[in-house]
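**Q** I have a structure here, written as structure tokens, and I will follow up with some questions on it.
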Amino acid sequence: MAESALVVLGLVTVLAAVRAVTSARLLRAVLWLVVALLGGAGIYLALGAELVALVQVLVYVGAVVVLFVLALMVTRSPLRPLAEHSGPPARRVVAALAGLGTTGLLLLVLLPLARSWEEGEPRAASSEGIAAQVFGTWVWPFELLSLLLLVALVAALAITRERGTSTRGRR
């Protein structure tokens with residue numbers, strides 16, 4: 001039963017990720033990203049890593065996606081796709097080839113790893129062990145990432161205010 005749940009969650013996550021990348025409207029792409037991230041959290045839940053699933057939902061869905069939506073609102077980006085933003089067809093072909101190449105490299109690395117898991121029983125990490133790693137070894141990268149997100153938010157607000165004051169002075 002758990003294997004079928006993993007397959008379904010994996011398919012939902014992959015399809016949502018593809019829709020997030022190929023969506024022409026930015027807000028819809030962000031919403032598909034939410035579905036993909038929630039699918040990833042569901043995969044973690046199915047594997048028994050509840051803490052990682054909770055962190056996935058809180059950090060990525062709760063913070064990063066909110067930051068994207070806030071950036072969309074602050075910068076007043078157009079909700080419709082604009083013709084001047086679309087690239088030539090050759091660029092799309094190159095991007096598709098780069099995506100296929102990346103997928104091939106990932107499969108080249110991950111398939112032997114999956115075969116080695118089939119040979120032996122994979123051991124599940126405990127929540128205490130994951131928490132010790134996250135809040136011990138990896139606490140500074142997390143803190144630096146949160147500082148980077150804060151700087152990006154402040155910079156977006158500063159740019160928006162700068163544009164707003166310069167256009168008011170001209171009128």
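The values are calculated or read from the model by the stated rules, or taken from the named source; none is laboratory data. What you see is a predicted model; the values in this text were computed from it and never measured. Don't worry about glycine lacking a Cβ; one is built from the backbone with ideal geometry, like all the others, and counts go over all protein chains shown. With ligands, DNA and RNA removed, areas are computed over all heavy atoms of the protein, side chains included. Shrake-Rupley method; radii C 1.70, N 1.55, O 1.52, S 1.80 Å.
**Q** Looking at the range 44-66, which of its residues are surrounded by 18 or more Cβ atoms within 10 Å (Cβ to Cβ) and assigned to a loop (DSSP other than H, G, I, E, B)?
**A** Ala49
**Q** How many residues are surrounded by 14 or more Cβ atoms within 10 Å (Cβ to Cβ), in a helix (DSSP H, G or I) and of a type outside the set (D, E, K, R) when one looks only at the range 12-26? Break it down stepwise before answering.
**A** Kept after step one, since they are surrounded by 14 or more Cβ atoms within 10 Å (Cβ to Cβ), are these residues of the range 12-26: 12-13, 15-17, 19-20, 23, 26.
If we keep only those that are in a helix (DSSP H, G or I) too, we end up with 12-13, 15-17, 19-20, 26.
Filter once more, keeping what is of a type outside the set (D, E, K, R): 12-13, 15-17, 20, 26.
Count: 7.
**Q** Restricting attention to the range 73-93, does a residue exist that is closer than 24 Å to Leu149 by Cα, open to solvent by less than 60 Å² (accessible area, probe 1.4 Å) and either of a type in the set (Phe, Trp, Tyr) or over 19 Å from the mean Cα position of the chain (by Cα) (or both)? I'd like the intermediate steps shown before the answer.
**A** Our first condition is that a residue be closer than 24 Å to Leu149 by Cα; within the range 73-93, this holds for 73-79.
Cutting the leftovers down to open to solvent by less than 60 Å² (accessible area, probe 1.4 Å) gives us 74, 77.
The next check asks that each one be either of a type in the set (Phe, Trp, Tyr) or over 19 Å from the mean Cα position of the chain (by Cα) (or both); those that pass are 74, 77.
Yes, some residue in the range 73-93 is closer than 24 Å to Leu149 by Cα, open to solvent by less than 60 Å² (accessible area, probe 1.4 Å) and either of a type in the set (Phe, Trp, Tyr) or over 19 Å from the mean Cα position of the chain (by Cα) (or both).
**Q** A further question follows. Of these, Leu9, Leu33, Leu38, which one is crowded, with 17+ Cβ neighbours inside 10 Å, assigned to a helix (DSSP H, G or I) and over 15 Å from the mean Cα position of the chain (by Cα)?
**A** Numbers: Leu33 fails: over 15 Å from the mean Cα position of the chain (by Cα); Leu38 fails: over 15 Å from the mean Cα position of the chain (by Cα).
Unique residue meeting the criteria: Leu9.
**Q** Still on this structure, please answer the following. Hey, could you check the range 18-58 for residues that are among the small types (Gly, Ala, Ser) and closer than 17 Å to Val69 by Cα and say which is modelled with the highest pLDDT?
**A** Of the range 18-58, the ones among the small types (Gly, Ala, Ser) are 20, 23-24, 29, 36, 39-42, 46, 48-49, 53.
When the remaining residues are screened for being closer than 17 Å to Val69 by Cα, the result is 20, 23-24, 29, 36.
Values: Ala20: 88, Ser23: 83, Ala24: 78, Ala29: 85, Ala36: 93.
Out of the qualifying residues, it is Ala36.
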